[in-house]
Amino acid sequence: MSEYQGVNKMRLRQNRLGTAIKRELSNIIRQELGDKRLRPVTIIKVELTSDLKQARIYFSVLGTDADCKKAAKAIKKATGFIRHLLSQRLDIRFVPEIEFKLSDLSESFRLEEILNEISSQ
C-alpha cells in the first residue's frame, strides 16, 4: 500500500468516525440529557485529530447571548457523561477526548441580531 493510499484510508476513517460521533451526540443531547438549557443546541461539526484521540465538537445555539452562555456551561459540565454515553454507543476501542467549542456560526447569528436591533432603532 502506498503512502497516499494510507493517508486517504485514515481520512476516510476520520470522516466516518466524525459522522458517527456527530449523529450520536445529536441523539444524546436530544434524548438522554434532560437539561432544558441544551434544547436549542445543534452539533455543527466534529473535527478529529489524525490519531483519533481527540475530538473538537462545534455547536451552535439558537437564542440570546445568555442562552449561549447557559448552554455552553451545561454542555461543558456534561462532557464526561456524554463521553461515557458515546463509549456505550460507538463500536470503537477508544472514545476520543472531547472538547466543545461554540461555533462561529452562533456568533455570526448573534451579531446579525444585534445589527438588526440597531437598524430598527
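Read the figures in this text as sums done on the coordinates, not as results from a lab. Remember, it's a predicted structure, so these values are computed and weren't measured experimentally. No Cβ is skipped: glycine too gets one built from the backbone with ideal geometry, and neighbour counts run over all protein chains shown.
So the values come out like this:
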| quantity | calculated |
| --- | --- |
| Net lengthening on full extension, D104/A20 (0.36 nm per residue, minus Cα-Cα) | 28.0 nm |
| Virtual spin-label span in nm between L12 and S120, 7 Å along Cα→Cβ | 5.1 |
| Gained length - A66 relative to R30, 0.36 nm times residue gap less alpha-carbon distance | 10.9 nm |
| Value of relative contact order over the chain, rounded to a whole percent, pairs C-alpha under 8 Å and six or more apart | 25 |
| Taking only Cα atoms of segment 5-121, radius of gyration then Dmax in Å | 16.1, 58 |
| Beta bridge orientation in the chain: antiparallel %, DSSP, nearest 5 | 55 |
| Efficiency of FRET between S50 and K77 - r from beta-carbon atoms, R0 30 angstrom, step 0.05 | 0.55 |
| Chymotrypsin sites (Phe, Trp or Tyr not before Pro) restricted to segment 21-121 and DSSP loop, no more than 11 other C-beta within 10 Å | F94 |
